[in-house]
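As structure tokens, the structure follows; a few thoughts come after it.
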Amino acid sequence: MKTNKLLLILAALPCFWGCASFNSGDILVERGTARAMLEDKTVIPFSEIEIYWQNFPYRSATDSIGEGSISRPKKIKPVAVDPEDAAALGRRAREIFAEAGLYNKQRGRGTLRLELTSFGRWTYGELFRSYLVDTSFIFIIPSSLRVNYYLTADFALSTGTVRVETEARHKTTFHLLLAPLYPFFSPGARESGLLKQMLWRSATDVYSRLKAAGVAPRGLPPKETPVAEKHSLSGPPMQPDRTWLPSQSIEGNPAQSDPAIIPEKPDQTWAVPSALPQQAPAEPIDRKEPAKDPPGQQEPIDD
């Protein structure tokens with residue numbers, strides 16, 4: 001019995017590491033810009049960094065069955081990420097921007113707002129409830145999941161609000177033969193490295209915009225809170241009120257402010273158009289038959 005359990009555990013272990021993750025996107029940092037940013041001491045840093053992270057979680061093709069309708073489809077809403085992941089992102093962002101010389105709480109000015117949006121981010125628990133169950137053959141035929149990341153950095157200058165955007169992708173491929181690569185390309189470690197690279201790329205772009213403007217950053221207006229949409233209740237159509245009279249209001253009481261509407265008497269003296277005059281019948285055409293030739297005289301019969 002113990003031997004069977006051990007074999008089952010050993011057979012299930014590759015399911016946990018039979019995958020490898022790869023990063024892509026425009027996240028490369030120019031060495032010249034990074035070197036100039038680290039050596040520059042004239043740029044005025046930010047005194048505060050606001051960090052927001054909203055996530056649109058992974059949904060399989062069968063998760064949307066039975067939700068919404070054709071006329072009113074269900075809108076996918078972002079969910080809050082794990083507090084530990086959000087706190088780790090905040091610490092890493094402040095460390096990177098402080099190392100780049102763009103964040104100093106004591107002598108800085110203005111506010112930098114970082115907003116990270118992830119699309120299709122998944123956890124192992126979500127995969128075992130949907131993806132690995134629906135596509136159990138993925139360890140025989142390779143299958144991939146993609147997660148997109150979109151990072152924006154907003155700050156205010158004397159000329160207006162400036163936004164810097166950074167995009168990246170995180171692809172995880174599942175296959176049994178990829179198990180040896182798991183220690184080097186694990187999804188969690190690759191995501192951390194990708195976010196770190198995105199923050200460094202955002203820092204260099206922010207530095208370039210600040211250096212080009214040549215002015216100190218200013219405070220940003222508070223972030224607008226999204227207004228929740230109110231859906232109207234659907235119900236049977238109301239029947240029209242057929243007892244309403246012109247001298248009454250809609251509620252049934254006599255209208256005091258507005259004068260009563262008195263219907264006009266219909267005009268009963270209109271002229272009835274006469275029938276069209278009949279055309280005179282056409283005179284018959286006298287068709288004369290051609291005159292017949294008179295019968296010829298009978299010739300005498302020779303004796």
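Only the coordinates and a few stated rules stand behind these numbers; no lab work does. Treat the numbers as computed from the prediction; the structure is a model and nothing was measured. Methodologically, a virtual Cβ is constructed for each residue, glycine included, from the backbone with ideal geometry; neighbour enumeration extends over all protein chains shown.
Quick one: of K77/K196; K74/K196; K171/K223; K75/K105; K77/K223, which pairs are farther than 29 Å apart, Cα to Cα? Show your work: numbers first, answer last.
Working: K77/K196 26 Å; K74/K196 34 Å; K171/K223 32 Å; K75/K105 40 Å; K77/K223 19 Å.
Result: K74/K196; K171/K223; K75/K105 exceed 29 Å.
Obtain the nm distance between the two label points defined at A216 and R163 by a simple spin-label model: each point lies 7 Å from its Cα along the Cα-to-C-beta direction.
2.7
Compute the FRET efficiency between S144 and I262 as 1/(1 + (r/R0)^6), taking r as their Cβ-Cβ distance and R0 = 51 Å, and round to the nearest 0.05. It would help to have the intermediate numbers written out before the result.
Details: r = 77 Å, r/R0 = 1.51.
Working from the Cβ atoms, E equals 0.10.
Zone of R129 (label point 7 Å along Cα→Cβ, backbone N under 17 Å): which residues in the range 78-96?
78-83
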